[in-house]
Each structure stands twice: as C-alpha cells, then as structure tokens.
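Novice: Next up is a structure, given as structure tokens.
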Amino acid sequence: MQSWLEIRQDCDFSIHNLPYGIFSYRGKKPRPGIAIGEFIIDLKQAHKKGLFEGIKIPDKVFKKTSLNSYIALGQKVHRAVRQRLQEQLQTDNSLLARHRDKLLIPIEEATLHLPVQIGDYTDFYSSLEHATNVGKMIRGQDNALMPNWKYLPVAYHGRASSIVVSGVPIRRPMGQSRPNDQEPPIFGPSRFVDFELEVAFVIGRPTQLGEQVPVTKAEEYIFGLLLFNDWSARDLQKWEYVPLGPFAGKNFASSVSPWIVTLEALEPFRTVGPIQDPPPLPYLQTQGKRTFDLHLEVSILPKGAAEETVVCRSNFKYLYWNMAQQLAHHTANGCNIRIGDLMASGTISGPTPDSLGSMLELAWNGTKPLPMSDGTTRIAVNDYDTVIMRGYCQKDGIRVGFGELETLLLPTG
Ligand code: CA
C-alpha cells in the first residue's frame, strides 16, 4: 500500500496500522483520532467533511473524550472506517488529501490522553518464565510453580483509577514493609520500585452477568492492544501479599501507551504460542495461531544521561496462556465484562537473561546490578529515571507498532 503521505519505513504508525487514541490540540476538548506517520487524523473533522459517508456513525461518537462509544459501534463499523481511511490515504486528491491541512494534526503538537474509560482492570500472570523466576526467589527451585499454574491463567483484580497514560509522571509510593524478619515492619517510601513489561487488551464487546465467552469466540470481544507497565513496589508486595495477593504494592500506578492497535492490524503477525503440557481443560483449549510475534523492549533513561540503556528485549509470543484463554477463564464463572475494561498479560519474560520483563528478574533480586550507559548501575528503578517501553511487529516490509510508553518516576511527594 502506497500513500501520498510520506511515512518513514521504520514508523510504527504505517498505513497497515491505524491505531486509535484520544488527543487534544490547541486547548480544545480531547477527542478521538487515528495515528498515521507523524500525524493524527482528526476523526471529528473528517466525519464532518463527509469522509465516512455511507458508514453509520452518529456525530456524537467523535466528540467524546474516550473511545468507548466508538468501540460500542462494533467490528463492522471499525472495519469499514479502517478500509475507508486506507483508500483515502492511497488515493491522490482524496478528501483526506485535499483537506490534509485541517484533518491531519502533527502528533508532536498534540497532547495524548487515556484512550478509553476503564471500568475494570484485571492483571494476569501468564508468563511461565516470569512465574518460575519469581517462584524460585520466593519458594526455591523445587516449588517454583504453584500446582494450579499450568491448569488456569492465574490473575487478580487491579485498580482502574490509578491507570495513567504515557508521559504522566508517577511517584514512589509510601507503604509498609518488613526489611528485617526479626524486627517489626516499618512505614516509609518503597525501596524497590520496579516496572513490569506487559501488554493489555481492551474489551470491545460487553457481556451480561452470567454469560460465558467461549474460548473459540473470545477474540471477537477484543478491540485491540496497548503496552502496559504494571508498576510494582516489591518490598511492599513481599510483606502484604499473603494470603489475598497484590494490593498497595501494585495499585499506586500503572501506565499505558496512548494508541490502541487493533487485532485487525495485528493479523499478519499471528503465530503459535508455547506448547501447553499438560493439555488445558476443554473450556481452555485453543487451536492454531492464537498469539502475535510482537517485539517488546524496555529502556531506562537516568536523569541527565545522554542516552537510554536497553535493559530488556522480549516478545508477546512467549506468553504461555493466550488472550482467548484468559478471557474464557475470566468469564467462565459468569463474571461480566464491559467495553473499555483492560486485561493485562502479566510480566512478559522470555527464556534468555536479557528477555526478563522486570528489574526483580533482570538484576535477580538485587544480586546482579545492571550497568547503565552513564556509568551507574541499577537493581531497581531510581528516582528521576524514565522507563520507556516499546513494541512493534515487522514482517515483509510491513511495520505495525505501538509507539512509546514513557514514564518518569518522581520521589515520594
Ligand atoms: Ca503484573
């Protein structure tokens, strides 16, 4: 596909991608847009100019400050919009080309916002490598993996209110920890703030309470994917997690990338996941290519450093449990889902030492400090470090990427 718009070969936002986001520009109210090259297509203005003629889209949908109403229009509309925009981008003298000054907003000059209103957020724990590594540190080699882990996609319910978009700084949390087992616990700033490299999917179709989503249909309920940094305070987590699991060590902040990449855009990059042994119970069995070859990367940029240091290179395809299995399990008990809900994958660690998705694993619980480009070392995230996550698929000259998820860690306020 060739466009009259100049798009760099290595640009995440190619004509094959067309991810959705919410942007504001020149002090106006935030509204929906689609990223292309260095620009955002202003969907409200495009609709006004008649770009989507023949596609049933109510005016109000592109005036909203979240994508929820647009997502609710359903897959048929989303596909028609995508196709129309690809036609418009390929045709010289199309409506979009003729009105490009008004309809294309430079990304650099826009502010990006949370793309969806998130009702609920669930965090899975679906990487075999991550679960095994953490298990080894806590319980030792022999009991690393809990007996349930290979039978169900383990998860907990997170907190939606503290999810922020890329660019929004977060603060080192205060909390309770017990650094010395012989002494009582203490209260103070966390001494071990960590990132978790994750990918989250956005629910695109709701269910009723009591309804189950079969594993074979589960992908129809997914609108698209985001990069997700599930910030964690390891010292708080270690002390508090028994017996009910994650709480204050997790819910102080999670960060998401601003652009939702649709499943349709990811289609060319489908691949098979790991072999599942023992075979899952029938309600969780899937066939064929149920995951994506999506490269992931994490960098740390210390304050004042000239360049960032890449600390992790991983891939979405390493996950043991796929999204269809996660969603089928989540709804098997009748728990309902709503448009805009986020389901995060859990830390995505790979098989090699440089593919581990958290500092806890990369620096092996503080025993292997990581060198930074500025000569300092890290066992955790320091104050004024910026953590940057990136993700992209690339094949046969086609690139579909997620852009950046960038977060500055500030000291306790
Ligand atoms: Ca997590």
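Derivation of every value follows stated rules applied to the coordinates shown; laboratory data play no part. Quick caveat: nothing in here was measured; it's all calculated off a predicted structure. For neighbour counting, all protein chains shown are included, and Cβ atoms are generated from backbone atoms with ideal geometry for every residue, glycine included.
Novice: Based only on other Cβ atoms within 10 Å, what is the fewest-to-most ordering of 293, 383?
Specialist: Exposure proxy ranking, most exposed first: 383, 293.
Novice: Kindly put 149, 231, 259 in sequence by how many other C-beta atoms sit within 10 Å of each C-beta, fewest to most.
Specialist: 149, 231, 259
Novice: Taking amide H atoms as placed 1.01 Å from N in the peptide plane, list the residues 5 or more away in sequence, or in a different chain, whose amide H sits under 5 Å from that of residue 199.
Specialist: 228, 345, 346
Novice: How many angstrom lie between the Cα centre of segment 237-252 and the Cα centre of segment 108-139?
Specialist: When both Cα centres are located, 15 Å separates them.
Novice: While we're here: Hey, can you grab everything whose amide H is under 5 Å from the amide H of residue 158? Only 5+ residues off in sequence or another chain; H modelled, so Pro and N-termini drop out.
Specialist: For residue 158, whose amide H was placed from the backbone, the distant partners under 5 Å are 121, 122, 123.
Novice: Based on the Cα atoms of segment 326-406, what semi-axes does the equivalent ellipsoid have, where each is the square root of 5 times one gyration tensor eigenvalue, given in whole Å with the largest first?
Specialist: Largest first, segment 326-406 gives 31, 20, 14 Å.
Novice: Okay, helix-only estimate at 222 nm for the chain: each DSSP H run of n ≥ 4 adds -39500 (n - 2.57), divide by all residues, round to 500 deg cm²/dmol; what do you get?
Specialist: Mean residue ellipticity at 222 nm (helix-derived): -4500 deg cm²/dmol.
Novice: A follow-up question, please. Order these peptides, 330-336, 42-48, 196-202, by their mean beta-carbon neighbour count within 10 angstrom, highest first.
Specialist: Highest-to-lowest ranking by the protection proxy: 196-202, 42-48, 330-336.
Novice: Exposure proxy check: 299, 127 ranked by fewest other beta carbons within 10 Å? Working shown, then result.
Specialist: Working: 299 18, 127 27.
If I rank by nearby Cβ atoms, fewest first, I get 299, 127.
Novice: Provide the gained length on full extension for the span residue 178 to residue 86, in nm with one decimal, where the gain is 0.36 nm per separating residue minus the Cα-Cα distance.
Specialist: 27.5 nm
Novice: For segment 355-413 and segment 261-288, what is the separation of their C-alpha centers, rounded to whole Å?
Specialist: If we compute the Cα centre of each part, the gap is 27 Å.
Novice: Quick one: check the C-alpha center-to-center distance for segment 143-190 versus segment 1-59, whole angstrom.
Specialist: 37 Å
Novice: Given N residues in the chain, what is its alpha carbon radius of gyration divided by 2.2 N^0.38 Å? Please report the intermediate quantities before stating the final value.
Specialist: Numbers: Rg = 21.5 Å, N = 413, 2.2 N^0.38 = 21.7 Å.
Here the Cα radius of gyration is 0.99 times the empirical estimate.
Novice: Using DSSP to call loops (not H, G, I, E or B), can you name the trypsin sites (Lys or Arg not before Pro) in segment 287-371 whose Cβ has at most 15 other Cβ atoms within 10 angstrom?
Specialist: The qualifying sites are 289, 303, 338.
Novice: Express in nm, to one decimal, how much length is gained between residue 55 and residue 281 on full extension, taking 0.36 nm for each residue of separation and deducting their alpha carbon distance.
Specialist: Residue separation times 0.36 nm, minus the Cα-Cα distance, leaves 77.2 nm.
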